[in-house]
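Participant: Here it is, the structure in full.
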Ligand SMILES: Nc1ncnc2c1ncn2[C@@H]1O[C@H](COP(=O)(O)OP(=O)(O)OP(=O)(O)O)[C@@H](O)[C@H]1O
Ligand SMILES: Nc1ncnc2c1ncn2[C@@H]1O[C@H](COP(=O)(O)OP(=O)(O)OP(=O)(O)O)[C@@H](O)[C@H]1O
Ligand SMILES: [Mg+2]
Ligand SMILES: [Mg+2]
């Protein structure tokens, strides 16, 4: 099953797994290419199997799937933190920004210093670092708690610091693992808007995992559905402009996706 | 502001903070009574202020509030893990079962042993412990991953183990801090049903925190809304039988609560 | 210090008066010639332009290590460490150039033990396994018909223990006796009520055996024979002073001890110790083969060739100058 | 509902009650209350323990079971300590040893930390030299003395060398153990943030391992102080400064238990002082900064 | 988009390539690959390091800068080790010391663990005795020898006592340090689960502190082995068994650097063997079970 992709040379000749990709991104260069990707831990049953997908530059892709189906594992592989057991993949050479499922803040640094560290490791100068980290933390409504340590923050606040940190990394590819799970509906709405703005302004490629189907439809241009045990891309939807403007169309799509997701989970019940 | 409640003697003479408590639970004994409760960390601004609430036996109460408003802090105080800075409270003498916001599993025990430990500390015999833990893990759809260690579980799976563990404690009062945040919609639905069944069967008193207004309406008999900085109970809704059967009424209530929540957050924008 | 030794090894200049002489000795009554020589300025006076630096040690092995490291050039110590170092280095390390003290070792026991036969099953201490007193005790016991083994078995248990502990253990009743040098034998007698069962002097010809000798680094001797001669002259003068001032000796030695360690011996202890000791520049070379042989017999030593360990020519020069009889190296030079 | 009673801890809303509860060893008290009491209990309790031990000792001695010169009482020791103090010996010894201890320990940290970090980060080196360093750690300091004397003569270099051989392996091992316990997630975050090997070591691994590392330093201090004493005991005299170890050995040579006990007490006292003055506050700050203090008995 | 290139690590899908990468010190390899290579590199690398050091030593000696009896070469030492082996002295010494070491260390664990747990759980005791125990830890073992000889005579009890005084405070402190680093959340969970003080200690605190505790045990072993050597060096002979420390001291008395170096090498070897055979596997299992192994160089 191992298949090296080097002959393709990352020039974008690999066909997308989905022929019906939205027109606006079809012509762009692929940023992430997954080919027959498989992953298993130790001698256990495969977690991911035969994953094929192409994500092009500037796309905003939502990843859906039941709990434990392998979404985080897939992001780990794309980020280079973990290697695939089989198959091959192409990812940006300079890695990806990654917002982990747990906030994963460094407990010895305050919220602000956590964000500053990301900037520092990117090579941002001291003065700019300070200004930028304050700006980012204000973006996520944490201007008042910048100097608290992680253990003094609430769960949702930690998640927002992690969000600020992932934005601070300023990489063209951004992976987000349930970035808004611990947030209340209103804060979440606000941050949806902010994230969309950042995406549009910077043209980053974003892959994000969510359990909220509406969130997926609200933000994603494309929605991928992963099955469980083993994880495979079993369905894919394009979210068109129509879905964004027309609440009814969005509702229909949401219902459609939810039904499909329910089917997937039934299989294992 | 300190006011001892001992003269009340926990006999249920303390009036509920809300006069309109649903008829079905109005006559029952109060399990948790909060009186003018306040909490601040160190010399910081108060996190909770002047909280008044009475929760009666067998009630299912949902706690809503913006991220960082003090919901987890309140549960900590009710569980006895933390003391209030001012005010007084009455809680069951034998403590409460508590499902933490982070799963807080012991990393040196497998999923099953984590649940078994809760049973063991309750004094359950070895043989029964085993059967019961398997049963509970199957309840949360984890029959297949019982012998994995926490670091081998996905975020949602960890949360489900924590749920199983909190049910294993079998205490009359159950506190749950965003128990379903990391779960996909379908698993969440299934577990909603299970939790409701357990609640009805055992007559436990449940206080649960959620960010999902629909979840609050779906499960709670009563919904409390906490304001931010400082946290106060600013609104309270009773969820009647009508809301459960009639989707339209539920939708209206959800919209109502969301509007109020939005107002609360606006105040700090 | 180490740089000095390297200089010594590398340069092949003609014999000269050295700039310094680094001398090691113990702050112990058996080292009285060194104590008097240093404290009363006798050695410094004899060394003239050569500066005297001194270093106090607690035990022979440390002194030998310092000698090998070049931290000292000459040392007063017991015969055993000197023999060991000489043998192990194949004759490269040191030379014995004079004696200082002899005699002064006794087997002291609990008052109840009055005969050798009563020692059966008892526990005795010696300062050090394979040391002079240890060997003496073992060969004496063998002569009395007792079997002993170096690992502590046999009819009489021998516990090599340092002297300070021995005193305490004897006071505590945990040992029955010990073969000890001065001042410890006197301390056990006077401070712990021990009785003398055997005087080591009785076991040797003329009652003489080396307790403290003066050794010098071989290369130092080769490079600075004149300095060594001055040292020997000082040693002889100290010994002469001790032998000529019996009444003042105790006070002077105690003053030196007090200066070195901050604590003097009790008057009766030092008096008794000095009366047991003999001070002489003769290293008693003839006793060395016997010493070695006794060790081999007792199973705590190995046979070795001692020829060359003595270099008594400078000493004899000094003795001749002082109009005293020359001493013999008993064929070991 | 009869089970519903006011929880005992929470019944007492006033701070005085809280304090009495704390004295009752309750581990739930709030940070604020804790902070105010620290200085008292931190100094008074060890002092009380010390005085109790002293009284027990005096009591044992006054039973007269042992000869007074073999087992001197606290007063005898105090007398002999006083004499040493007046003669200036005690101060000189403490000063010499402390000076050596601080210099030696500082150098050990400076040498041991980069080595430890390197070994903990580079598997090849760790595998190759890790066991050797653990082996060196169990080698008694006294074993080095003969070799050190031959190499360095009777100079302070010998003493320092012996100290280094005691402290450096211990510091290295402490750091490695601390690094081993870092949750891997921290490294993953560092990697995602684009940290180079060096940045990872400095910005992630070292701070994450800090509590374990400080623990290692404590043990390292114990090793270096003990090695120093051993070195001073064995290699004493002449041009070598007169330290606490030398004082101990001198007392032993003179069979003067008063001096021996004085030296032991002073060594003990220096050890406790270093613990209380240097390590305890550092550890406390570290743990507090990470929110690890709650529920700890520190 | 030119920056989009295949990431270097992931390009190599085959396991062979992965292996070569691992040799290149990459810390990203998967568990499965790692597991297979362990035994080789764990034994061969230390051996290689050892051989390199041996060669360097031989080279230095063959330069002839120092007298051979002062700085013997590896071959001389091997010869003297061989002689000791044939005489049975080496085996006897190793056996005696190892036996004492194991007994003493076991007793130290059995005594130190409950004390450590108690101190870490009860603030009053911790505050009162913690500094004292840290002080005891820095007290050199040799300081105990004179007192121990008086109390216990020249018996094995003296040796064990000195060991205990070295190992027990270190084990206690290691456990306390481990307990201090437990995330408070674990205790909170234990409390919520209704654990009594004792259940908390056994079911939560001890397992949570286990990695730190094992680290403490390692240091404790180092302390007890070193104390044992010190005791054997000072209190040797007679009715006391002949251990490695005694062998070392005998070599020193006889000015025989061959014996001294042999003893040092054997002590070192025992230390390394204990590390590799006892502690390394235990630590490894512990860390792996908690998912702390990823990215570690262990
Ligand atoms: N280190 C590991 N060792 C063994 N199994 C693992 C490991 N990491 C993950 N798994 C398994 O892989 C599967 C997928 O895990 P993953 O974390 O990717 O799920 P997920 O889709 O992110 O789920 P969630 O939505 O709950 O976060 C799970 O069944 C989990 O048990
Ligand atoms: N130990 C602490 N020290 C200082 N401040 C704290 C501490 N714990 C919580 N806080 C503060 O108290 C406030 C409330 O925190 P809490 O965890 O109760 O929020 P929450 O309502 O649970 O939020 P979320 O929904 O994000 O989990 C936050 O502003 C937080 O910064
Ligand atoms: Mg996940
Ligand atoms: Mg919370």
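Participant: Cα atoms only: what Rg and Dmax, in Å, come out for the stretch A:105-170?
Facilitator: 10.4, 30
Participant: Further, regarding this structure: Angle, helix B:155-168 long axis vs. longest principal axis of chain B, Cα atoms, 0 to 90°, nearest 10?
Facilitator: That works out to roughly 80 degrees.
Participant: Report the relative contact order of the stretch C:200-333, percent, no decimals, based on alpha-carbon pairs under 8 angstrom and at least 6 residues apart.
Facilitator: The normalised contact order for the stretch C:200-333 reaches 25 percent.
Participant: Under the convention of a label 7 Å out along Cα→Cβ, give the distances in nm from residue D:151 to the same position in every other copy, shortest first.
Facilitator: Nearest to farthest, the other copies are at 3.5 nm.
Participant: Between the stretch C:117-171 and the stretch E:239-279, what is the separation of their alpha carbon centroids in Å?
Facilitator: Answer, in whole Å: 25.
Participant: Starting from a Cα-only point model with no solvent, please compute log10 I(q)/I(0) by Debye for the protein assembly as shown at q = 0.05, 0.06, 0.07 1/Å.
Facilitator: -0.51, -0.69, -0.85
Participant: With each run of n ≥ 4 DSSP H residues scored as -39500 (n - 2.57), what mean residue ellipticity at 222 nm is computed for the protein assembly as shown after dividing by its residue count and rounding to the nearest 500 deg cm²/dmol?
Facilitator: That calculation yields -17500 deg cm²/dmol at 222 nm.
Participant: On to the next question. With just the Cα atoms defining each centre, how far is the stretch A:76-96 from the stretch D:89-146? Give it in Å.
Facilitator: 42 Å
Participant: Can you give the Kirkwood hydrodynamic radius of chain B from its Cα pairs, in Å with one decimal?
Facilitator: Result for chain B, one decimal place: 19.3 Å.
Participant: May I ask for the angle, rounded to the nearest 10°, between helix C:60-69 and the longest principal axis of chain C, with both axes built from Cα atoms and the value confined to 0 to 90°?
Facilitator: So the helix axis and the longest Cα principal axis differ by about 20 degrees.
Participant: Shortest first and in nm with one decimal, please list how far the residue E:198 label point sits from its counterparts in the other copies (point 7 Å along Cα→Cβ).
Facilitator: Residue E:198 label point versus its equivalents elsewhere: 5.7 nm.
Participant: Which order do peptides B:28-39, E:192-203, E:137-148 fall in by mean Cβ count within 10 Å, highest first?
Facilitator: Top of the packing list down: E:137-148, B:28-39, E:192-203.
Participant: Closest beta-carbon to the E-to-D rotation axis: which chain E residue owns it, and what is the separation in whole Å?
Facilitator: For the rotation taking chain E to chain D, the closest Cβ gives E:219, 2.
Participant: Turning to a different aspect of this structure: List the relative contact order of chain B as a percent without decimals, with contacts defined as Cα pairs under 8 Å and 6+ residues apart.
Facilitator: Once normalised by length, the contact order is 25 percent.
Participant: For a Förster distance of 35 Å, can you work out the FRET efficiency between the beta-carbons of residue E:198 and residue B:202, rounded to the nearest 0.05?
Facilitator: The pair residue E:198/residue B:202 has a calculated efficiency of 0.75.
Participant: Rounded to the nearest 5, what % of DSSP beta bridges with both residues in the protein assembly as shown are antiparallel?
Facilitator: 50 percent
Participant: Continuing with the same structure: State, to one decimal in nm, how far the label point of residue D:110 lies from the label point of residue C:296, with both points 7 Å from Cα in the Cβ direction.
Facilitator: 5.5 nm
Participant: What fraction of the DSSP beta bridges in the stretch B:171-246 is antiparallel, stated in percent and rounded to the nearest 5? All intermediate terms of the calculation are to be shown ahead of the outcome.
Facilitator: On the way: 5 of 10 bridges.
In the stretch B:171-246, approximately 50 percent of DSSP beta bridges are antiparallel ones.
Participant: Between residue E:60 and the same site in the other copies, what are the distances in nm, shortest first, taking label points 7 Å from Cα along the C-beta direction?
Facilitator: Reported distances to equivalent positions: 4.5 nm.
Participant: Okay, moving on. Roughly how many whole Å is it from the C-alpha centroid of the stretch A:110-155 to that of the stretch A:182-240?
Facilitator: 25 Å
Participant: Give the percent of DSSP beta bridges with both residues in chain C that are antiparallel, rounded to the nearest 5.
Facilitator: Taking every DSSP beta bridge with both residues in chain C, the antiparallel ones total about 60 percent.
Participant: Oh, and also: Give me the one-decimal nm value for the distance between modelled label points at residue A:234 and residue A:138, 7 Å along each residue's Cα-to-Cβ direction.
Facilitator: Output for this residue pair reads 4.7 nm.
Participant: Okay, moving on. So, by mean Cβ neighbours within 10 angstrom, what's the order for C:259-267, B:195-203, C:56-64, B:85-93 with the highest one leading?
Facilitator: Details: C:259-267: 17.1, B:195-203: 13.7, C:56-64: 24.0, B:85-93: 21.1.
Order by mean packing, descending: C:56-64, B:85-93, C:259-267, B:195-203.
Participant: Report the calculated FRET efficiency for residue D:278 and residue D:47 (r = Cβ-Cβ distance, R0 = 22 Å), to the nearest 0.05. All intermediate terms of the calculation are to be shown ahead of the outcome.
Facilitator: Values: r = 19 Å, r/R0 = 0.85.
Efficiency, from the Cβ-Cβ distance: 0.75.
Participant: Would you tell me the mean number of C-beta atoms belonging to other protein chains that fall within 10 Å of each C-beta in B:176-185, as a whole number?
Facilitator: Values: counts 0, 1, 4, 0, 3, 9, 7, 5, 17, 12.
Partner-chain Cβ atoms within 10 Å, mean over residues of B:176-185: 6.
Participant: Please find, among residues of chain A, the one with the beta carbon closest to the rotation axis relating it to chain B, distance in whole Å.
Facilitator: Nearest-to-axis residue on chain A, with distance in whole Å, is A:181, 2.
Participant: Need one number: nm distance between label points at residue B:193 and residue A:130, each 7 Å from Cα along Cα→Cβ, rounded to one decimal.
Facilitator: 5.8 nm
Participant: Counting only the backbone N, which residues of the stretch A:59-99 are under 14 Å from the spot 7 Å out from the Cα of residue A:36 toward its beta-carbon?
Facilitator: A:85-89
Participant: On alpha carbon coordinates alone, what is the Rg over Rh value for the stretch D:71-287, Rh being the Kirkwood radius?
Facilitator: My calculation puts Rg/Rh at 1.07.
Participant: Any idea what angle helix A:126-139 forms with the longest principal axis of chain A, computed on alpha-carbon atoms, 0 to 90 degrees, nearest 10?
Facilitator: Approximately 70 degrees, to the nearest 10.
Values in this text are rule-based calculations from the coordinates and carry no lab data. Quick caveat: nothing in here was measured; it's all calculated off a predicted structure. Cβ atoms come from the backbone with ideal geometry, glycine included; neighbour counts cover every protein chain shown.
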